[in-house]
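To keep things clear, I will list the structure first and then write my remarks on it.
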Amino acid sequence: MVVPHHATGARVARHRLATELAEVVTPAVLADLVAVLAELVGNAVRHADPLPGGVVRVSWRLRVTTEGAQVRLQVTDGGATCGPQIRPADSGAADGRGLHIVSGLASRWGVERDGLGQSVWADFDPVPQQRPGLVAAG
């Protein structure tokens, strides 16, 4: 899907993702997916150029395995002079924690560049489902 290269783009993308995957993944996984997608779209809007037409492309791929749902989120923008990097977050700063959130919630993330811009992706590996009668250690 394409969303505006504007703050409203993140809201539109979050809503559509939540609607499409609500019946497929657990509420906890869905919350993580929505949070990461919001960060990726927000970063594209704040730090990168739009794609032609003033948009950002957002996609997700769901693969259901015997272990559960595997999801890849991807946000493509027109690129920036400096690619996404985790930077030290100042405890008093109002921003700078987005990729820390992505790194903490996703199984892995990365950046791919081509002649048109860049895509930032985040993978979520299946979360093993707890069988009834088992107590989680911790």
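The values are calculated or read from the model by the stated rules, or taken from the named source; none is laboratory data. Keep in mind that this is a model prediction, so the values were computed, not measured. Quick reminder, even Gly has a Cβ in these numbers, built from the backbone with ideal geometry, and neighbours come from all protein chains shown. Just so you know, the surface numbers come from the protein's heavy atoms only, side chains and all, with ligands and any DNA or RNA stripped out. Shrake-Rupley method; radii C 1.70, N 1.55, O 1.52, S 1.80 Å.
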Exercise. Residue by residue through the stretch 6-32, note down the ones that are over 19 Å from Val102 (Cβ atoms) and in a loop (DSSP other than H, G, I, E, B).
Key: His6, Ala22, Glu23, Val24, Thr26
Exercise. Output the qualifying pairs, or none if there are none: Cβ atoms under 6 angstrom, residues six or more apart or on different chains, first residue in the stretch 47-65 and farther than 15 Å from Leu21 by Cβ, second residue at pLDDT 95 or above and of a type in the set (D, E, K, R).
Key: Ala48/Asp77; Val56/Asp77
Practice problem: Would you point out the residue of the stretch 10-41, among those that are farther than 13 Å from Ala122 by Cβ and in contact with a Gly (Cβ under 9 Å, 6 or more places away or on another chain), that is most open to solvent (accessible area, probe 1.4 Å)? | Solution: Thr26
Quiz item: What are the residues in the stretch 1-59 that are charged (D, E, K, R) and either in contact with a strand residue (DSSP E or B) (Cβ under 7 Å, 6 or more places away or on another chain) or more than 14 Å from Asp77 (Cα to Cα) (or both), if any?
Solution: Arg11, Arg14, Arg16, Glu20, Glu23, Asp32, Asp49, Arg57
Self-check item: Any pair with Cβ under 7 angstrom, 6 or more apart, that starts in the stretch 1-12 at a residue that is free of Cβ contacts under 8 Å to residues at least 40 places away in the same chain and ends at one that is in a loop (DSSP other than H, G, I, E, B) and open to solvent by less than 60 Å² (accessible area, probe 1.4 Å)
Solution: none
Self-check item: Enumerated strands (runs of 3 or more DSSP E) restricted to the stretch 43-116, each holding at least 3 residues that are at pLDDT 95 or above and open to solvent by 50 Å² or more (accessible area, probe 1.4 Å)
Solution: 55-65
